[in-house]
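Written out below as structure tokens is the structure these notes cover.
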Amino acid sequence: MSNADETGILSRRERQIMEALYRLGKASAIEIRDAMPNPPTYTAVRTHLALLQDKGHIRHERQGAKHIYEPVVPRDEMAKNVITGVLENFFGGSVERVVATLIEPGTGGLSDEQLDRISKLIEEAREQGR
């Protein structure tokens, strides 16, 4: 298992940095900071970038005096890692509990269209023998 797989849970700031990097592709710390909502200090961004690099989520290269960062893990793989972490840490690995939470009355729920799409996905999974 890769280091990125072991660290599926990201802090709010780490998620914001990863989201900015996925949008930008490659970027310096200041460009990442500028792309974040309510950004922290430049120093805080650099600290989070170092943590993300240690976790194996990003890498950097030097371009002159700048460090240019880019994601290592494809966006869809990162999303799967994060969801798996949430599933394990908050729902005890129960997909049923996740779905129940999402469709629970009073939570804003899902539209009929969303429920239809989910039903279709479930049927497709049954047909494929998952």
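Each value in this text was obtained by applying a stated rule to the coordinates, not by laboratory testing. Bear in mind that the values here come from a model prediction, so they are computed numbers and not experimental data. For neighbour counting, all protein chains shown are included, and Cβ atoms are generated from backbone atoms with ideal geometry for every residue, glycine included.
For the range 58-119, what mean projected area does the convex hull of the alpha carbons give, in nm²?
On the way: hull surface 27.1 nm².
Seen from a random direction, the Cα hull of the range 58-119 projects 6.8 nm² on average.
Once the principal axes of the Cα atoms of the range 3-71 are found, what is the range along each, listed largest first in whole angstroms?
Principal-axis extents of the range 3-71 (Cα, largest first): 32, 26, 21 Å.
Pull up all non-local amide H partners of Ser28: gap of 5 or more, or a different chain, and H-to-H distance under 5 Å with H placed in the peptide plane.
Tyr69
Between Arg12 and Glu127, what FRET efficiency comes out of the Förster formula 1/(1 + (r/R0)^6) with R0 = 35 Å and r the beta carbon distance, rounded to 0.05? Could the numbers behind the result be given before it?
Values: r = 38 Å, r/R0 = 1.10.
Result of the calculation: an efficiency of 0.35.
Using only the alpha carbons, work out the radius of gyration and Dmax of the chain in angstrom.
According to the Cα coordinates of the chain, Rg and Dmax are 18.2, 55 Å.
Taking only C-alpha pairs under 8 Å that are 6+ residues apart, what is the relative contact order of the chain in percent?
Details: 107 pairs, mean separation 31.3, N = 130.
RCO, the chain: 24 percent.
Under a Cβ-only charge scheme (Lys and Arg +1, Asp and Glu -1), can you give me the dipole magnitude of the chain about the Cα centre, in debye to the nearest 20?
Details: 18 positive and 20 negative charges, 138 e Å.
Charge dipole, the chain, about its Cα centre: 660 debye, nearest 20.
Name the lysines eligible as straight-distance cross-link partners of Lys55: C-alpha to C-alpha under 20 Å, and not fewer than 8 places from it in the same chain.
Lys26, Lys80
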